[in-house]
Every structure is written in C-alpha cells, then in structure tokens.
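The values are calculated or read from the model by the stated rules, or taken from the named source; none is laboratory data. Quantities reported herein were computed from a predicted structural model and do not represent experimental measurements. Counting neighbours? That spans all protein chains shown, and the Cβs are built from the backbone with ideal geometry, glycine included. All accessible areas refer to the heavy atoms of the entire protein, side chains included, with ligands and DNA or RNA removed. Shrake-Rupley method; radii C 1.70, N 1.55, O 1.52, S 1.80 Å.
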Amino acid sequence: MALTILALSALVTTIYIKKKPITIVIDGKPQKTTTFKSTVKDALKSKGITVGEKDKVQPALASKLSKNSTITVKRAVNINLTVEGKSLKILSAEDTIESMLKAEGINLKEEDKVKPARDSRITEGLNVAIVRVEKKTFTDTVAMEFKTTIKYDNDLANSQKKVVQEGKNGVKTVTSDVTFEDGVEVSRKVIGE
C-alpha cells in the first residue's frame, strides 16, 4: 500500500513537472494550451500544427520549452513576382518586400524600381514587379557636314561664283547618359558635345 502511494505520488509529481501551460500564436492569433512535450517542434506536432518550409517559428523548432512559453508561427503567403521578364511564384513569411527579396537572394540596385514600394507589407497574393534600371554613359563620334556660307560681291557678275575656302566634312564627339529599363532604352540625355 505504501509502495502504491509512493508510485502514485511520483507519477503525479512527474505529470505536474512535465505539464507546461503555453501560448501558441499563429499569424497574430493567440491560443492558450498545455503540453507535456519538451521542444517547440514536439509541442506543435502534438497540437496538430504543421510548419511549412518557409513558415517562421519563434523560438526555433529545436528550442526547449518551459512553463508559460510563447510559440509564434508566421505562415508564409503566396507572392507573384515579376523580375527581368520572368514570372515567379514565391512563398514568404517576411514582413516587407525588401526583406522578402533579400531572403530570396534577389539583389537590388538603388536605381531599380519596385512596385509596390520596397517597404510595403507582404500579403497573400501580392503582385510585385521589379524593373532593372541601368544607366550608362556613351561617347559617340558624329559626322558633320561642312557649312556653306554665301557672300555677295558686287565686283563679280551675278552668274559667277568664287570659292574663298574649300569646305571639308568634320566630326564631333557627343557624350550621352542613357537609361535602360529591363534592357530597353527609355531615355537619352546629351551631357556634352
């Protein structure tokens, strides 16, 4: 009898020690629950919560749980991304377009255009377009025809012409700033002649 009471007491103590009240927050919606599991991964699994490859979980899945722990899960959403003429479907749990692009390894230059803006929040089904902007300076040599100047001279008859100086075609150098968007020229500005 004493052994049974001791075993029962040990069992109740073990259950009490292993039982942990926790809060699971999924996409901002908290739910309080209890678990006997020791890690975040096991606690989520025991509650039937699956975690997708790109979902964000805090603390990490391998983290140990303690009483009154909070587990935060942010589900990845579908995003339609157009970059360099290619359409991509991306899953992301990032907060902004800029952080999503960084997480996906898509590098942006300062001049590149992003619609909506880089600091826009990520939402389900968001359409994001990136236009690659490149600026180049070109120097071209342009042919110039010589200019004919006519001077009237009262000493010559009207039907006579006299060449004072022989004309010669020339060249000039023109420097231009050219802007390309996704490889297509969209503007050209002469900055020097």
Inside the range 82-154, counting only strands (runs of 3 or more DSSP E) that do not spill past its ends, which hold 2 or more residues that are in contact with a Ser or Thr (Cβ under 9 Å, 6 or more places away or on another chain)? 86-92, 126-131, 133-144
So how many residues does the range 62-81 have that are of a type in the set (A, V, I, L, M, F, W, C), under 22 Å from Gly105 (Cα atoms) and part of a strand (DSSP E or B)? 3
Tell me, which residue of the range 30-61 that is in a strand (DSSP E or B) and within 27 Å of the chain's Cα centre (by Cα) is surrounded by the fewest Cβ atoms within 10 Å (Cβ to Cβ)? Gln58
Given Ser92, Ser69, Ser87, Ser99, which one is in contact with a helix residue (DSSP H, G or I) (Cβ under 7 Å, 6 or more places away or on another chain) and of a type outside the set (Val, Ile, Thr)? Ser92
Complete set of residues in the range 37-53 that are within 16 Å of Arg75 (Cβ to Cβ) and of a type outside the set (Val, Ile, Thr): Leu44, Lys47, Gly48, Gly52, Glu53
Answer residue from the range 62-105, given it is of a type in the set (D, E, K, R) and closer than 23 Å to Val40 by Cα and is least open to solvent (accessible area, probe 1.4 Å) among those: Glu94
